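Below: one structure, written as structure tokens.
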Amino acid sequence: MHEFTVQDMTCGHCAATITDAVKALDPEGRCEIDLAGKRVKVHSAFTADRVAAAIAKAGFSPVRAGA
């Protein structure tokens, strides 16, 4: 599991866009979104860097949690 803080995720549409970006990268991937906490947990076989790149390509600024 990879966890990111995404400060520019502000609404349900943002959360859906991030989920869609992860699913485009990894159809088997799963997202847990904490909109209020601006946290995204991603369960994926892909590396954190690949997942972060997919989220960034969707227009957001993911930062690895704890980084």
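The values are calculated or read from the model by the stated rules, or taken from the named source; none is laboratory data. Nothing here was measured: the structure is a model prediction, and the numbers come from that model. Positions of Cβ are backbone-derived with ideal geometry, glycine not excepted, and every protein chain shown enters the neighbour counts. We work out accessible area using only protein heavy atoms, side chains counted, and drop any ligands, DNA or RNA first. Shrake-Rupley method; radii C 1.70, N 1.55, O 1.52, S 1.80 Å.
Being under 11 Å from the mean Cα position of the chain (by Cα) and either among the small types (Gly, Ala, Ser) or on the phi > 0 side of the Ramachandran plot (or both) is the requirement here; does Ala21 meet it?
Details: under 11 Å from the mean Cα position of the chain (by Cα): yes; either among the small types (Gly, Ala, Ser) or on the phi > 0 side of the Ramachandran plot (or both): yes.
When the stated conditions are applied, Ala21 passes them.
Among residues belonging to segment 42-67 that are in a strand (DSSP E or B) and over 17 Å from His13 (Cα atoms), point out the one that is nearest to the chain's Cα centre (by Cα).
Initial filter on segment 42-67 (in a strand (DSSP E or B)): 42-43, 62-64.
Among the residues that remain, those that are also over 17 Å from His13 (Cα atoms) are: 42-43, 63-64.
Values: Val42: 6, His43: 10, Val63: 9, Arg64: 10 Å.
Once the filter is applied, the top-ranked residue is Val42.
If you go through segment 24-40, how many residues are touching a strand residue (DSSP E or B) at 6+ places or on another chain (Cβ under 7 Å) and either open to solvent by 70 Å² or more (accessible area, probe 1.4 Å) or among the hydrophobic types (A, V, I, L, M, F, W, C) (or both)? Break it down stepwise before answering.
Filtering segment 24-40 for residues touching a strand residue (DSSP E or B) at 6+ places or on another chain (Cβ under 7 Å) gives 29-33, 38-40.
Now restrict to residues that are either open to solvent by 70 Å² or more (accessible area, probe 1.4 Å) or among the hydrophobic types (A, V, I, L, M, F, W, C) (or both): 30-33, 39-40.
Final tally of qualifying residues: 6.
Can you report the number of residues in segment 54-67 which are open to solvent by less than 60 Å² (accessible area, probe 1.4 Å) and modelled with pLDDT of 95 or more?
Looking only at segment 54-67, we keep the residues that are open to solvent by less than 60 Å² (accessible area, probe 1.4 Å), and these are 54-56, 58-60, 62, 65.
Okay, now just the ones that are also modelled with pLDDT of 95 or more, so 54-56, 58-60, 62.
Number satisfying all stated conditions: 7.
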